[in-house]
Amino acid sequence: QVQLVESGGGLVQAGGSLRLACAASGRAFRTYAMGWFRQAPGKEREFVAAVDWRGVSTYYADSVKGRFTISRDNAKNKVDLQMNSLKPEDTAVYYCASRQNPIAARNLDEYDYWGQGTQVTVSS
């Protein structure tokens with residue numbers, strides 16, 4: 001039983017930045033790996049970034065490497081996604097996800113809990 005709530009989405013110009021936040025309920029959060037995924041209209045949900053339970057090991061999709069940074073603060077039960085140098089191709093609904101495993105994963109099927117999503121729109 002984990003609830004995830006994303007925030008921070010919005011409209012931004014290409015080249016700009018946004019910081020997404022995911023607030024989690026449940027004290028087991030600190031032992032769970034977390035991930036960010038996104039889904040554009042007409043496309044499948046895709047992996048963006050993941051972080052292990054310690055906030056040490058991170059993984060990124062090739063399309064966002066060097067631009068996005070995932071981080072977590074277990075004391076505050078949250079995980080963030082800093083998004084820099086945004087491109088129109090980044091436009092999507094972004095979802096926060098959690099898995100009942102401390103090791104980060106890239107596969108959607110590895111995750112057990114999902115937030116409602118937050119819209120990110122990047123204009124050109």
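The values are calculated or read from the model by the stated rules, or taken from the named source; none is laboratory data. The structure presented is a predicted model; accordingly, all values stated were derived computationally and were not measured. Quick reminder, even Gly has a Cβ in these numbers, built from the backbone with ideal geometry, and neighbours come from all protein chains shown. Side chains are part of the model used for accessible areas, which takes the heavy atoms of the whole protein and leaves out ligands, DNA and RNA. Shrake-Rupley method; radii C 1.70, N 1.55, O 1.52, S 1.80 Å.
Tell me whether segment 46-68 contains one or more residues that are closer than 13 Å to T31 by Cα, basic (K, R) and either modelled with pLDDT of 95 or more or surrounded by fewer than 19 Cβ atoms within 10 Å (Cβ to Cβ) (or both). Checked against the condition, which is being closer than 13 Å to T31 by Cα, basic (K, R) and either modelled with pLDDT of 95 or more or surrounded by fewer than 19 Cβ atoms within 10 Å (Cβ to Cβ) (or both), segment 46-68 yields at least one hit. Say whether the condition of being in contact with an Asp or Glu (Cβ under 7 Å, 6 or more places away or on another chain), on the phi > 0 side of the Ramachandran plot and open to solvent by less than 20 Å² (accessible area, probe 1.4 Å) is met by at least one residue in segment 31-45. No. The strands (runs of 3 or more DSSP E) falling completely within segment 63-124 that include 1 or more residues that are in contact (Cβ under 8 Å) with a residue 60 or more places away in the chain map to 78-83, 92-99, 118-123.
For segment 11-62, residues that are assigned to a helix (DSSP H, G or I) and of a type in the set (D, E) total 0. Candidates A49, A40: the one that is over 9 Å from the mean Cα position of the chain (by Cα) and of a type outside the set (S, T, Y) is A40. Within segment 74-93, the residues that satisfy the criterion of being at pLDDT 95 or above and either more than 14 Å from A23 (Cα to Cα) or surrounded by fewer than 14 Cβ atoms within 10 Å (Cβ to Cβ) (or both) are Q82, M83, N84, S85, L86, K87, P88, E89, D90, T91, A92, V93. Selection of segment 94-124 for residues being among the hydrophobic types (A, V, I, L, M, F, W, C) and open to solvent by less than 60 Å² (accessible area, probe 1.4 Å) yields C96, A97, A104, A105, L108, V120, V122.
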